[in-house]
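Engineer: Pasting a structure below so you can have a look.
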Amino acid sequence: MRTAFMTTVLLAAALGLGGCASFEGYPSHSVAADEVSACPVSAGTLATLQRTDYDTARKSASTSDAERRRLRNIFIDSCMGAINASYRAFARELTGDQKYFNVGTDVAAGGFTTAATLAKSARTKTFLAAYATTILGLRSSVDKEVFLGKTLTALTAQMDASRKVVMVDIIIGRNEPDSDYSLDTALLDLQELYEAGSINSAITAVTADAGEKSKEAKAEIKEFRYKSTADAQTDKIYAYFAANTPGDGARLSEIVKCTSSAARMTPMDAQLEALRVSEAGSPVERAEIVGCLKGKNLIQ
Amino acid sequence: MSELHETPASEKKLKQVVYEGVTEERRPTVIRILWLSKAIKVDAVKTGETYTITALIEVPAAE
């Protein structure tokens, strides 16, 4: 079901974007130089100055690794601080919007479009409206708990979890020498930290997780397939059982008692085993049941 | 604050029992025994002259 949903969403996205002349399906070949070396969240000129200090130190042969590491960590700390402050503000907006979901609003009727209309912040509105384009109309395929009433709770929890995973990498990197964890490498992790706090990233993670759970659930269903070998002995057993007449449960118990292969099974498994022998077992197994029932004077 | 709950299907262990080639006369008996064995769903699909009977059965937690 979720795989079908993802396929449909991707197809809808592809169709929707197909009409856009500028859509090429891959990132641009060129970007501005300052975007490569900048913190994903701007904190005024502070980060730029720190970056300049680090680059100057790196070019100088006389600067020690310890000094470069110190300058790198100043940049990392400032950048992480900016990303975290930005995320906290974003999460607060989402939490504020969550209240609107819970005031008896029929979110299901409008999905993300309704959510976007109710969202009090322009930024959240933009995010939700963007996803409404592809998700609207596909609700029946989606786990309602993830994408409807509990949307923002689930997505915020996912963003928090994803950010913690990336933060661990950055904290480990901070303790490495500059030669092993340069500022440019740190910037990759900082960019990832920023992305982990986005709804886009959270939806991807939640959907992937839901897919795994779906696979696990399917793996829990074991199949037992039998081909009928029923014969005249089967008919004798079934005639005694006389399905859907009073006392058929008690008569099934007698058949189970006469099924030697069901002896050590749980009651439900024993009944299924008696059915297997009667319908798809060997003639010898069935003859044993018939003989047993005759021995108890239950059948002629 | 709402909580996210697992869907019940992912928490249960289930087994599927399939019988192929069951005759019209024997079909009610097979279905009845499957229901008595705590099947939660039983389907019978006619394939030519016979039926394929599929039952979904919940496995007790102890198993």
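The values are calculated or read from the model by the stated rules, or taken from the named source; none is laboratory data. None of the values given here were measured: they were computed from a predicted structure. Here the Cβ positions follow ideal geometry from the backbone for every residue, glycine too, while neighbour counts run over all protein chains shown. Note: areas computed on protein heavy atoms with side chains; ligands, DNA, RNA excluded. Shrake-Rupley method; radii C 1.70, N 1.55, O 1.52, S 1.80 Å.
Engineer: What helices (runs of 4 or more DSSP H), lying completely within the stretch A:167-276, carry at least 1 residues that are hydrophobic (A, V, I, L, M, F, W, C) and open to solvent by 80 Å² or more (accessible area, probe 1.4 Å)?
Structural biologist: Correct list: A:183-196.
Engineer: So, of the residues in the stretch A:48-78 that are within 15 Å of residue A:184 (Cβ to Cβ), open to solvent by less than 50 Å² (accessible area, probe 1.4 Å) and of a type in the set (S, T, N, Q), which turns out to be modelled with the highest pLDDT?
Structural biologist: This residue is A:73.
Engineer: Let me confirm something: among A:81, A:110, which residue is among the small types (Gly, Ala, Ser), open to solvent by less than 20 Å² (accessible area, probe 1.4 Å) and either assigned to a helix (DSSP H, G or I) or at pLDDT 80 or above (or both)?
Structural biologist: A:110
Engineer: Out of the residues in the stretch B:19-40 meeting the condition of being in a strand (DSSP E or B) and within 8 Å of chain A (Cβ to nearest Cβ), tell me which one is surrounded by the most Cβ atoms within 10 Å (Cβ to Cβ).
Structural biologist: Only one residue fits best here, namely B:19.
Engineer: Being polar (S, T, N, Q) and not in a helix (DSSP H, G or I) is the filter here; which residues of the stretch A:277-293 pass it?
Structural biologist: A:282
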